[in-house]
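The values are calculated or read from the model by the stated rules, or taken from the named source; none is laboratory data. Since we're looking at a predicted model, the values are computed, not measured. All Cβ positions, even for glycine, are placed from backbone atoms using ideal geometry, and neighbour counts span all protein chains on display. Protein only, heavy atoms only, side chains kept; ligands, DNA and RNA dropped before computing areas. Shrake-Rupley method; radii C 1.70, N 1.55, O 1.52, S 1.80 Å.
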Amino acid sequence: MKLLLIHTGGTIGMAPGPDGLHPAPGLVEAALAARLPKGTDLVAEVFAPLRDSADVGPAEWNRILTLMADHPGRAVLLTHGTDTLAFTGAALDQALAGSGRRLVICGAMVPLGMGGDAEANLDLAVIALAEQGAGVFLALGGALLPAGGLAKTDSHAPDAFTALPQPAPVPRAPHPAPFDENKRLAILSLSPGMPATMLEAALEVLDAAVLRVFGAGTMMSDPAIVAALARATARGCRIRAVSQCLRGGLEPGAYAAGAALWSAGVENGGLETAEAALARLWLDLSDRAPRTIA
């Protein structure tokens with residue numbers, strides 16, 4: 001097996017120190033090497049400095065994809081902290097659609113060597129990497145989950161993630177750095193009593209936004225909120241709605257309270273998670289010359 005390890009950081013590769021857990025260089029690499037079948041051709045690419053996942057975003061997604069392009073034909077193990085893992089899973093799942101590559105993400109709630117979940121997660125990842133088939137997966141909590149629609153549903157439990165069914169990602173012209181780091185995107189969430197001025201101020205500085213709406217696709221009947229959305233879409237700011245509910249998605253037309261969303265030019269995100277909708281918008285807004293990811 002030809003394997004590429006991309007070690008970004010995260011709890012799995014930390015160790016206790018005088019001020020708490022901190023990155024421990026070489027820990028993940030040694031633990032992985034001890035688990036690989038004899039004859040495995042391993043290449044390790046390690047972020048320096050290692051990243052807390054709270055600091056992982058489009059620049060790091062591009063770096064991961066560039067490293068994959070630099071090492072064609074290899075299965076990929078990506079170590080990653082859990083806090084933003086759902087964003088990275090969605091981003092890579094969409095960016096790699098149609099590429100034929102297999103990538104397994106591995107993280108942990110407790111570091112290696114501390115009697116927690118890290119060793120079992122790494123064992124599962126090694127097994128998953130030997131399997132056939134393209135796609136992006138998460139090995140964590142005793143399960144191999146598709147990574148395109150992850151939601152972190154527990155901040156401490158070993159099985160911290162739920163995989164939510166998503167529409168199949170659309171293959172795009174492949175490029176090792178498809179996320180334009182100069183674009184300005186964010187996830188916004190409706191809440192009762194939200195001031196329209198706050199929503200408008202946020203939209204004014206964004207190129208696109210994911211809007212978490214109520215239920216199957218409703219919003220408050222506030223003309224000022226509707227006007228703020230309409231002005232934003234009219235100037236070219238894309239707004240994609242997703243449900244604040246974990247399951248079920250949106251159903252435009254089911255409730256009159258949602259009609260204003262669609263009349264204001266807001267897009268229907270359907271079953272998409274907020275993370276998947278953000279990745280989709282970011283890729284849509286990024287204009288990159290294609291290069292092949294082998």
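What do you reckon, is G98 without any contact (Cβ under 8 Å) to a residue 24 or more places away in the chain and surrounded by fewer than 24 Cβ atoms within 10 Å (Cβ to Cβ)? Show your work before the answer.
Values: without any contact (Cβ under 8 Å) to a residue 24 or more places away in the chain: no; surrounded by fewer than 24 Cβ atoms within 10 Å (Cβ to Cβ): yes.
Answer is no for this residue.
From S53, S99, which residue is of a type in the set (S, T, Y), more than 15 Å from the chain's Cα centre (by Cα) and closer than 22 Å to Q166 by Cβ?
On the way: S53 fails: more than 15 Å from the chain's Cα centre (by Cα).
After ruling out the rest, the residue left standing is S99.
Scan segment 57-72 and tell me whether some residue there is aliphatic (A, V, I, L, M), surrounded by 13 or more Cβ atoms within 10 Å (Cβ to Cβ) and touching a Ser or Thr at 6+ places or on another chain (Cβ under 7 Å).
No - not one qualifying residue is present in segment 57-72.
For E119, indicate whether it is loosely packed, with under 15 Cβ neighbours inside 10 Å, closer than 18 Å to L32 by Cα and among the acidic types (D, E). It would help to see each step written out before you state the result.
Values: loosely packed, with under 15 Cβ neighbours inside 10 Å: no; closer than 18 Å to L32 by Cα: yes; among the acidic types (D, E): yes.
No; evaluated as a whole, the condition is false for this residue.
Regarding G193, is this residue in the same structural domain as L211 (by the TED database) and either open to solvent by 50 Å² or more (accessible area, probe 1.4 Å) or in contact (Cβ under 8 Å) with a residue 60 or more places away in the chain (or both)? Don't jump to the end; show me each part of the working.
Values: in the same structural domain as L211 (by the TED database): yes; either open to solvent by 50 Å² or more (accessible area, probe 1.4 Å) or in contact (Cβ under 8 Å) with a residue 60 or more places away in the chain (or both): yes.
When the stated conditions are applied, G193 passes them.
For P290, are the conditions met, namely being at pLDDT below 95 and either open to solvent by 30 Å² or more (accessible area, probe 1.4 Å) or in contact with a Pro (Cβ under 9 Å, 6 or more places away or on another chain) (or both)?
Details: at pLDDT below 95: yes; either open to solvent by 30 Å² or more (accessible area, probe 1.4 Å) or in contact with a Pro (Cβ under 9 Å, 6 or more places away or on another chain) (or both): yes.
Answer is yes for this residue.
Six or more apart or on different chains, Cβ under 8 Å: which pairs go from a residue in segment 47-72 that's over 17 Å from L96 (Cβ atoms) to one that's surrounded by fewer than 17 Cβ atoms within 10 Å (Cβ to Cβ)? Could you list them?
Between residues of segment 47-72 that are over 17 Å from L96 (Cβ atoms) and residues that are surrounded by fewer than 17 Cβ atoms within 10 Å (Cβ to Cβ), the close pairs are L50/P25; A59/E181.
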